[in-house]
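The values are calculated or read from the model by the stated rules, or taken from the named source; none is laboratory data. Keep in mind that what you see is a predicted model, and the values were worked out from it rather than measured. When we count neighbours, we look across all protein chains shown, and the Cβ atoms used for this are built from the backbone with ideal geometry, even at glycine.
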Amino acid sequence: MYSVGKGVILVSGLMLFPVFSGAPAEIPTDKEIGIQRMGPESPRWSVSGYVGQVTYTRFNEIVRLDTDFRSSYVAVLAASRVLFEHGDLARWELEGQVARHWGKQRHGEINAALLLRWRRFPWDDFLDTSIALGAGPSYASEVPAIEADRHDRASRRLFYMPFEITAAPPGGNSWEVFTRVHHRSGVFDALSRAGGSNFVGMGFRRRF
């Protein structure tokens, strides 16, 4: 019925020669042999954008690909920076974003999150994959209509908790495609007694 959300779920289910010249041999650099590694000269910044559709199912149900999509949407523009990394296993990133809702609710939203991204998987030689989970503050320009309709309490201020899966061609490609759960929450009443919402989105990222 809602092709945008179902399409997102479907896509998310798929995605050295030394030189002799009379001088000592020189080992070619990673760049010369087409390998890009995270180092002092590697991309630290990124920009991304994605579009999502609201689902009335909970976070754990979404992860199991069980969704109840409704006709409300969000568009997000984000920028992030790598803070530090644990070799090629994982890295910490700081992200800030602005969002605009339309459909059942029409308002703006500002979010920030600290993300931990796991980067090593057995199939990375064929499809470079990463998984990220984050947390940070979320502020809506007005009380979100969906959250007000579905819960006893609603608030402009909640906690933002994204969950993301990315895919890219192997070899350190600077472009990534990703799916993300855009989750606003009171964190089991720890931050707020207000209820939140879930959007499932898909987008692109450029690292530089």
What are the pairs with Cβ atoms under 8 angstrom where one residue, in region 156-174, is over 19 Å from GLY49 (Cα atoms) and the other, located anywhere, is of a type in the set (D, E, K, R) and assigned to a loop (DSSP other than H, G, I, E, B)? Sequence gap at least six, or different chains.
ARG156/GLU142; PRO170/ASP124; PRO170/ASP125; GLY172/ARG37
All positions within region 185-204 that are closer than 30 Å to LEU127 by Cα and either surrounded by fewer than 15 Cβ atoms within 10 Å (Cβ to Cβ) or touching a Gly at 6+ places or on another chain (Cβ under 8 Å) (or both):
PHE199, VAL200, GLY201, MET202, GLY203, PHE204
Would you tally the residues in region 59-99 being over 19 Å from PRO137 (Cα atoms), in contact with a strand residue (DSSP E or B) (Cβ under 6 Å, 6 or more places away or on another chain) and among the charged types (D, E, K, R)?
4
Quick one: ARG153 ticks every box in (1) loosely packed, with under 15 Cβ neighbours inside 10 Å; (2) more than 18 Å from ARG58 (Cα to Cα); (3) of a type in the set (Lys, Arg) except a single one, so which number is it?
(2)
Among all residue pairs at least 6 apart or on different chains, which show Cβ distances below 9 Å where the first residue, located in region 178-203, is over 12 Å from VAL51 (Cβ atoms) and the second is part of a loop (DSSP other than H, G, I, E, B) and of a type in the set (Asp, Glu)?
ARG193/ASP152; ALA194/ASP152; GLY195/ASP152
Considering region 137-146 alone, what residues qualify as being in a strand (DSSP E or B) and buried (at least 19 other Cβ atoms within 10 Å of the Cβ)?
SER138, ALA140
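When you scan region 161-170, do you find a residue that is of a type in the set (Gly, Ala, Ser), modelled with pLDDT of 95 or more, closer than 28 Å to LEU89 by Cβ and not in a loop (DSSP other than H, G, I, E, B), even just one? Can you show your working first?
Looking only at region 161-170, we keep the residues that are of a type in the set (Gly, Ala, Ser), and these are 167-168.
Then keep just the ones that are modelled with pLDDT of 95 or more; that gives 167-168.
The next check asks that each one be closer than 28 Å to LEU89 by Cβ; those that pass are 167-168.
Cutting the leftovers down to not in a loop (DSSP other than H, G, I, E, B) gives us 167-168.
Within region 161-170, one or more residues are of a type in the set (Gly, Ala, Ser), modelled with pLDDT of 95 or more, closer than 28 Å to LEU89 by Cβ and not in a loop (DSSP other than H, G, I, E, B).
Of a type in the set (A, V, I, L, M, F, W, C), within 27 Å of PRO170 (Cα to Cα), loosely packed, with under 14 Cβ neighbours inside 10 Å and at pLDDT 85 or above: is that true of LEU65 in this structure? Steps first, answer last, please.
Numbers: of a type in the set (A, V, I, L, M, F, W, C): yes; within 27 Å of PRO170 (Cα to Cα): yes; loosely packed, with under 14 Cβ neighbours inside 10 Å: yes; at pLDDT 85 or above: yes.
Against the criterion (of a type in the set (A, V, I, L, M, F, W, C), within 27 Å of PRO170 (Cα to Cα), loosely packed, with under 14 Cβ neighbours inside 10 Å and at pLDDT 85 or above), LEU65 qualifies.
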Filtering region 189-208 for residues that are more than 16 Å from ASP152 (Cα to Cα) and in a strand (DSSP E or B) leaves a count of 10
Scan of region 121-134 for residues that are buried (at least 18 other Cβ atoms within 10 Å of the Cβ) and not β-branched (Val, Ile, Thr), ordered by number
ASP128, SER130, ALA132, GLY134
